[in-house]
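Heads up, the thing below is written out as structure tokens.
The values are calculated or read from the model by the stated rules, or taken from the named source; none is laboratory data. Small disclaimer: the values here were computed from a predicted structure and weren't measured. For neighbour counting, all protein chains shown are included, and Cβ atoms are generated from backbone atoms with ideal geometry for every residue, glycine included. Ligands, DNA and RNA are stripped out before the accessible areas are found, and what is left, the full protein with its side chains, is counted by its heavy atoms. Shrake-Rupley method; radii C 1.70, N 1.55, O 1.52, S 1.80 Å.
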Amino acid sequence: MSFIPFSLHATLMANLSEQGFSKPTPIQKETIGLAIEGHDVMGLAQTGTGKTAAFLLPILQRLGQTRRIPRALIVVPTRELAEQIRAVFEQLGKGTGLRWAMAYGGVGINPQITKLKKGVDVVIACPGRLLDHIERGTVDLSKIEVLVLDEADRMFDMGFLPDIRRIVKKLPAERQTLLFSATMPENIRSLARDVMRDPKTVEISHSMPPATVTHALFAVSDNQYKTPLLLALLKQIDRDSVLIFTRTKYRAERLTRQLISAGHRTTSLQGNLSQGRRKAAMDGFREGTFRIMVATDIASRGLDVSSISHVINYDIPAHVDDYVHRIGRTGRAAKDGDAFTFVTPDDADLVRAIEKRMGSRLARRILEGFKESEQPNAHLKKAKPAGQAAKAHKSSGQRRHFGPPRSGGRRR
Ligand code: AMP
């Protein structure tokens, strides 16, 4: 199927083809038609599925020409995600004359006010700063026709739901609402009941990580062996960019220092960084100046880097949903990716929960040359020798190489 059945404006079709988007992704296929018809839509899909275009195309189609008054409002949890949406808006909205303003914190408010005053059609915002603009009277939301709530579950995790409810109260009741979430906990369902009208639900693969990702667990008997295991693993895998998750900001900082002193070009992304430093870290990682990024869960939201070949969970995530979010950073737009999780004996319950969600056992792997005593597999029952590992969510054959680096491999 192509985009033709949606009867999009010629400019939008031209922009799609310029981006090389020849056919809609599953979420786009399901959402675009419903949204263009004017329905409220609840989309269960994680980042990496093409959901940004799924809501932007109907918005661009609906707005048509600029009227210099906000008619679409997109609310997201992080400024990185806001910037990512702006980038897609600029690509898909090229030549439409539609104008945008950003409203997120961590940067000065005055340039945002100036932009809003000049007259825009779309506002892309994070909840806190948007409320600030509302209180100052610097944004007019009285003509909003479409509201998008993106990554609603993450907004809930970050404590933004009361803010969202306050924002929604300022919008016209007569509007279209599109809500996207990787998971649908009860709080989000309840929000949806309150702010949406007879929504159509579109569900993509039950919030599973992309099918192109191969998962594997590496056992360590104790936390102290994680860094040696990681260093050994980094030597052996054929990798592009690697995203490593730790449980806390402190652990992210420490691991970053360890990796740098081992000679790896590494950057990190944790909470409380200034906007400038976050941007420098993200740009450096995206452009390949840094091949490794160490991040915490919240800091990684909105990270859209297409060349991530490996996600390594140095610490297993505390929630299954976080596992899905983390893993969704690789295997994007149908590229292959590997997701490795380091597991200590204390993590057994979390492993079970993740495997239950994935619907299958994850492969157990042992690293060649890494001391057995430091990597006992006893707490991961029925361990299989390397090479014979079971695969989860991988449709095609094994292709990742273990053992010494391949000559002519991508990068060591
Ligand atoms: P998103 O889930 O919106 O973050 O999109 C994930 C990735 O998919 C981005 O890199 C997009 O450029 C890409 N993408 C979105 N829609 C399409 C499409 N129809 N065809 C190919 N790639 C797409």
Practice item. Just reorder H319, H264, H133 by solvent-accessible area, largest first, 1.4 Å probe, all chains present. Key: H319, H264, H133
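Determine the gain in length on full extension of the stretch K115-Q65; use 0.36 nm per residue of separation and subtract their C-alpha separation, reporting nm with one decimal. Walk me through the intermediate numbers first.
Numbers: separation 50, 0.36 × 50 = 18.00 nm, distance 1.80 nm.
So the extension gain works out to 16.2 nm.
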Exercise for review: Per residue of region 36-51, in order, report the coupling 6.51 cos²θ - 1.76 cosθ + 1.60 (Karplus, θ = phi - 60°) as ³J(HN,Hα) in whole Hz, putting x for Gly and Pro.
Suggested key: 5, 5, x, 6, 6, 10, 10, x, 9, 7, 8, 4, x, 9, x, 6
Exercise for review: Please sort by residue number the GluC sites (Glu not before Pro) in region 120-201 whose DSSP state is loop and whose Cβ has at most 10 other Cβ atoms within 10 Å.
Suggested key: E174
Exercise for review: Quick one: compute the contact order of region 4-204, relative version, from alpha carbon pairs under 8 angstrom and 6+ residues apart, as a percent.
Suggested key: 30
Check your understanding: How much of I4 can a 1.4 Å solvent probe reach, expressed as accessible area in Å² and rounded to 10?
Key -> 120
Practice item. Quick one: of K29/K200; K94/K200; K51/K200; K115/K170, which pairs are farther than 22 Å apart, Cα to Cα? Key: K94/K200
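Can you sort S142, S241, S307 by solvent-accessible area, 1.4 Å probe, largest first? Don't jump to the answer; show the numbers that get you there.
On the way: S142 60, S241 0, S307 35 Å².
Highest to lowest solvent-accessible surface, that is S142, S307, S241.
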**Study point:** Sequence-distant residues sharing a close amide H with G43 (under 5 Å, placed H)
**Key:** L179, F180, S181, V202
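Where Rh denotes the Kirkwood radius from the mean inverse Cα pair distance, what is Rg over Rh for region 4-204?
Values: Rg = 15.6 Å, Rh = 16.7 Å.
That ratio is 0.93, to two decimals.
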Revision key, fill the gap. For region 60-69, in residue order, the Karplus 3J(HN,Hα) values (coefficients 6.51, -1.76, 1.60; θ = phi - 60°; whole Hz; Gly and Pro = x) are 4, 4, 6, 5, x, 10, 5, 10, 6, 9
Review point. In whole Å, what is the distance between the alpha-carbon centres of region 132-167 and region 189-267?
Key: 28
Check your understanding: For region 1-121, what relative contact order do you get, as a whole percent, if you take Cα pairs closer than 8 Å and at least 6 residues apart?
Key -> 28
Review point. So what J values fall out for region 347-359 if you push phi through Karplus, 6.51 cos²θ - 1.76 cosθ + 1.60 with θ = phi - 60°, rounded to Hz, Gly and Pro as x?
Key: 8, 3, 5, 5, 4, 4, 5, 5, 5, 5, 5, 6, x
